[in-house]
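The values are calculated or read from the model by the stated rules, or taken from the named source; none is laboratory data. Please read these numbers as outputs of a predicted model, since none were measured by experiment. All Cβ positions, glycine included, derive from the backbone under ideal geometry; neighbour counts span all protein chains shown.
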Amino acid sequence: MNLIEGVLFKNNEYVDVEYINIRIDNVWLDEKLDELYPDNMYRGLIPTLVEWMDREDEKAVVWRRILPGKYETTICPVLMCPDENDFSCTLIVAEITNLGTHVRWSKLGVDLSNEWEAEKVGSKVEWFENVKEMNFEFSDYIKMLDNFKERL
């Protein structure tokens with residue numbers, strides 16, 4: 001199993017406030033993607049779960065999809081550009097399945113949807129080939145989400 005955490009972060013060169021960030025197996029998610037794809041400028045992307053997302057419809061999509069119903073799968077935005085705080089810039093999505101005892105992120109990719117409707121995010125994705133499937137204990141996943149919810 002992989003370990004997922006929502007941890008207070010304050011060293012982002014693009015964001016001047018502290019926020020909860022996603023850490024997987026002791027590595028920040030944005031930094032891991034930047035390491036795997038160094039020419040794509042993924043370092044500095046922020047979680048879509050932060051409290052200052054601009055659009056309520058996009059915030060609703062994230063919170064509805066981040067934890068699918070038991071045995072369901074969703075495609076959820078997990079990282080976004082800190083400049084816009086919405087789905088209009090670089091947007092990383094995860095294919096997430098709730099397996100009851102654990103939560104699986106089967107794959108990650110860049111959203112290529114050109115629709116301005118929040119519900120259509122994830123309809124067209126360029127999936128990363130270098131990112132392996134990740135499985136998280138259900139209790140760790142809920143704790144990570146609770147850390148974000150505390151800041152809402």
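Any chance region 111-122 includes a residue that's among the acidic types (Asp, Glu), under 23 Å from TRP28 (Cβ atoms) and either modelled with pLDDT of 95 or more or not in a strand (DSSP E or B) (or both)? Yes.
Residue-by-condition table, conditions (1) in contact with a strand residue (DSSP E or B) (Cβ under 9 Å, 6 or more places away or on another chain); (2) crowded, with 21+ Cβ neighbours inside 10 Å; (3) part of a helix (DSSP H, G or I); (4) modelled with pLDDT of 95 or more:
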residue: GLY44; (1), (2), (3), (4): no, no, no, no
residue: ASP54; (1), (2), (3), (4): no, no, no, no
residue: GLY69; (1), (2), (3), (4): yes, no, no, yes
residue: THR74; (1), (2), (3), (4): yes, no, no, yes
residue: VAL93; (1), (2), (3), (4): yes, yes, no, yes
residue: ILE96; (1), (2), (3), (4): yes, yes, no, yes
residue: ARG104; (1), (2), (3), (4): yes, no, no, yes
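Within region 111-145, the set of residues being surrounded by 11 or more Cβ atoms within 10 Å (Cβ to Cβ) and acidic (Asp, Glu) comprises ASP111, GLU115, GLU117, GLU119, GLU133, GLU137, ASP140. The residue that is modelled with the lowest pLDDT, among those in region 18-33 that are closer than 19 Å to CYS81 by Cβ and β-branched (Val, Ile, Thr), is ILE20.
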